[in-house]
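This report refers to the structure that appears directly beneath it.
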Amino acid sequence: MSNPLLEFHTLPPFRRIEPTHVVPAIEKLIADNLEELETLLSNPDQPNWENLVAPLEAADDRLNRNWSPVSHINAVVNSEALRKAYNHCVVVLTDYHTKLGQHQGLYDAYRQLAAGEDYPHLNNAQRKTIDNALRDFKLAGVALPASKKQRFSTIKSRLSALSSQFADNVLDATQAWYKQVVEVDQLAGLPETALAAARQAAAGKSLPGYVITLEMPAYIAVMTHADNRELRREVYTAYVTRASDLGVTADGESTPQWDNAPLIAETLSLRHELAQLLGFGNYAEYSLAKKMAQSPAQVVGFLEKLAEKSHAYAVAEHQELEAFALARDGIEQLEAWDVTYYGEKLRQEKYAVSQEELRPYFPAEKVIEGMFTVVQRLFAIDIEKQTEVDVWHPDVRFYRVARAGETLAYFYLDLFARENKRGGAWMDECRVRRQTVAGLQLPVAYLTCNFTPPLEDVPSLLTHNEVTTLFHEFGHGLHHMLTQVDCAPVSGINGVAWDAVELPSQFLENWCWEKSVVPLISGHHQTGEHLPQHLLEKMLAAKNFQAGMIMVRQLEFALFDFRLHLDYDPGAPGEPQTILDEVRRQVAVVKAPPFNRFQNSFSHVFAGGYAAGYYSYKWAEVLSSDAFSLFEQQGVFDRATGERFLHEILACGGAEDAMQLFINFRGREPQLDALLRHSGMT
């Protein structure tokens, strides 16, 4: 029987891929790769780039190109059969990569190559590829005795399985809860776009009235606009207890099968053991081996310094919010489910502007068109929509990226929330840029969001917050697509220090706030009118509204994540809830209720790549703010500065040290001042 995963050579045949294709394809590719590895290592000649690294890179790319569509559709059109195949392969792939990382013969070949006479004559990307590989061999336990190698491999496999299970539990718990509302009066305050989405959700379940779900657009709409305080409390409670001991379904049934607490405990224990096997004191030290930050003390100091500079602002903002809620509605105790609601009301009172008032001016199509114009003016690239391309859902679009007529890359764009699609927004690789024996392989990206889809005769309308999310993910996409590095392991985002990888994404967000840019990305969905000047001025005035509260909330997440991994004691493992409560006492200003189980759906850390690395968002924000400050000096569309950012940051991928690339662009090391200024904290 033919298997489309083994037959395609360019773009994935999404509509032909079935769950039954997945396991046979991945297992065959792994077997082929292992056989080729042994053939390469049997070569009696001195290892060099052509007879070792290039063929191994080709084999690895072949496997990645086949796994990429499987991993992607598991996230965006999830099904039980696909999930089962995916979870099986995650463990198989982890075992395969661990086997490669601990392969003594392969390690020895790389060491010979690094010590050989050809090494100094390789280009930067090739040398960085080899240097990173030698580092990664050590981090994979190549130097461990046999018994410890086996334990390391067992731990890696189990951690992969735990990560997949964590994500599955969050998705299942999110989809299992919903609230049917028959009387529209109970939804007073919700904008028409949210009501229409709730009607559509009810129709999808063949229910009368309205259905509120825990999908992000619906959740945010209720927390921001619902006048019914009890409804806000109920939805908030369901959201923050997902995948926990307190989680329930729409029928009120307990869901212990999705409780992530045991998975968290086992994950932390195994991460600590893995780090100690390799000679690190804890998982935080292990995590930093591939990051810009030099030590745990530096990370903690960085976070605490930001907390010190922002906490007073956050306290003052929260006190203002408490006073406002008391004066407006007699709320004597501001609860967690009140904060977003009264924050929006206060924003409207102070600045006479709301996200919903802005939404009609940001139809998705206009924002996309304007975003393409922005990057065209910055980096001289052109973006064209392509047709006749196989996609996984009718809403998905496909685009070509070119510069001076030369095709550089392609990307898929999947904008809207739907059932069986993982929440959040992200960029991922479909294919990386690399030099092959047949020529240059161009990069292809997936850009995924979860915005409100078009409703009846109304197009998809974005809040300004969602506009910045789209720009953020496109920044990641540009990092992947505009690379000029031809070695896959350091091409695009590959090989980039994790705490620098958010630099291009956060950098591009800045253009969403520029007076000269807003007319490019706005146009009323009925009249085409750009965002009026009076609304623009109000939006810009409100830019740093509650910036202190937002800052300390991110610091709460970052410190919690880092302390979980830095202070872990296998003899007396602290309860994550206890550590979270301690961090909240240190930095938080919004009091979380005792039933809050935030950690149970903290997918960045337990089902993503951010373990002991969530601080990277703030670390990279320092870089991005400082980088943008040069555009503020030279002009936000200054071509020379845009070219410098393109060639010094985006084009270089992971082929050079991240700090050196920043210095090459900025002329000095990063400074904290721009971030504080952009946040209104100076």
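Every number here is computed from the coordinates shown, using simple stated rules; none is lab data. Note that the coordinates shown come from a computational prediction; the quantities given were computed from them, not determined experimentally. Glycine also receives a Cβ, built like all others from the backbone with ideal geometry; neighbour counts cover every protein chain displayed.
Could you please state, rounded to a whole Å, how far the C-alpha centre of the range 544-591 is from the C-alpha centre of the range 207-241?
26
How large is the dipole of the range 177-258 about the Cα centre if only Lys and Arg carry +1 and Asp and Glu carry -1, each at its Cβ, rounded to the nearest 20 debye?
140
Binning every alpha carbon pair distance of the range 101-173 at 10 Å from zero, what are the percents per bin?
Taking all Cα pairs of the range 101-173, the binned fractions are 17, 33, 24, 18, 6, 1 percent.
Here are some pairs, K291/K345; K290/K385; K385/K421; K205/K350; which of them have Cα atoms lying more than 30 Å apart in this structure?
K291/K345; K290/K385; K205/K350
Please provide three numbers in whole Å: the alpha-carbon extents of the range 443-516 along the principal axes, with the largest listed first.
Projected onto its principal axes, the Cα set of the range 443-516 covers 47, 28, 21 Å.
Calculate the tail of P(r) for the range 177-258: the fraction of all Cα-Cα distances greater than 14 Å, expressed in %.
60
Sorted from fewest to most neighbouring beta carbons within 10 Å, what does the list T241, T193 look like?
The most exposed by this proxy come first: T193, T241.
Antiparallel as a % of all DSSP beta bridges within the chain, to the nearest 5?
Antiparallel bridges: around 80 percent, rounded to the nearest 5.
Please report the projected area of the range 269-363's Cα convex hull averaged over all directions, in nm².
That works out to 11.0 nm².
Can you list the HN-Hα couplings for the range 55-68, worked out from phi with the Karplus curve (6.51, -1.76, 1.60; θ = phi - 60°), rounded to whole Hz and with x for Gly and Pro?
x, 5, 5, 5, 5, 5, 5, 4, 5, 5, 5, 7, 6, 3
Evaluate the charge dipole of the chain about its Cα centre and quote only its size in Debye, nearest 20, assuming +1 on the Cβ of each Lys and Arg and -1 on the Cβ of each Asp and Glu.
520
Listing I26, I73 from the residue with the fewest other Cβ atoms within 10 Å to the one with the most, what is the order?
I73, I26
At each listed q (0.11, 0.14, 0.18, 0.20 Å⁻¹), what is the log10 of I(q)/I(0) that the Debye formula gives for the range 506-647 modelled as equal alpha-carbon point scatterers?
Rounded to two decimals, the profile gives -0.63, -0.87, -1.08, -1.18.
Give me D for the chain in µm² s⁻¹, whole number, from Stokes-Einstein with Rh from the Kirkwood sum over alpha-carbon pairs, 25 °C and 0.890 mPa s.
93
Charges on Cβ only, +1 for Lys and Arg, -1 for Asp and Glu, centred on the Cα centroid of the chain; of L346, A293, T94, which one is farthest towards the dipole's positive end?
Working it through, the farthest residue towards the positive pole turns out to be A293.
Determine, for E388, E253, the number of other Cβ atoms within 10 Å of each Cβ, and report the residues in order from fewest to most.
Starting with the residue having the fewest Cβ neighbours, the order is E388, E253.
I'd like to know which of T154, A194, A173 lies farthest towards the positive end of the charge dipole of the range 151-212, counting +1 on Cβ of Lys and Arg and -1 on Cβ of Asp and Glu.
Going by the charge dipole, the pick is T154.
Over the chain, calculate the relative contact order: mean separation of alpha carbon pairs under 8 Å at least 6 apart, over the residue count, as a percent.
Once divided by the residue count of the chain, the mean separation gives 15 percent.
By how many degrees, between 0 and 90 and to the nearest 10, does the Cα long axis of helix 80-101 differ from the longest principal axis of the chain?
Helix 80-101 sits roughly 40 degrees off the main axis of the chain.
State the three equivalent ellipsoid semi-axes of the range 220-314, derived from the C-alpha gyration tensor as the square roots of 5 times its eigenvalues, in descending order and whole Å.
36, 25, 8
Give, rounded to the nearest 20 debye, the magnitude of the charge dipole that the range 56-131 has about its Cα centre when Lys and Arg contribute +1 at Cβ and Asp and Glu contribute -1 at Cβ.
About 300 debye.
For the range 158-205 and the range 610-670, compute the distance between their C-alpha centroids and round to whole Å.
38
Could you tell me whether the range 487-561 comes out rounded, prolate or oblate from its Cα gyration tensor? Rule is a ≥ b ≥ c as square roots of the eigenvalues, rounded for a/c under 1.5, then prolate if a/b exceeds b/c, otherwise oblate.
It comes out oblate by the Cα gyration axes.
Which pairs in the list K591/K618; K99/K128; K99/K618 are over 30 Å apart, alpha-carbon to alpha-carbon?
Too far apart for the 30 Å limit: K99/K618.
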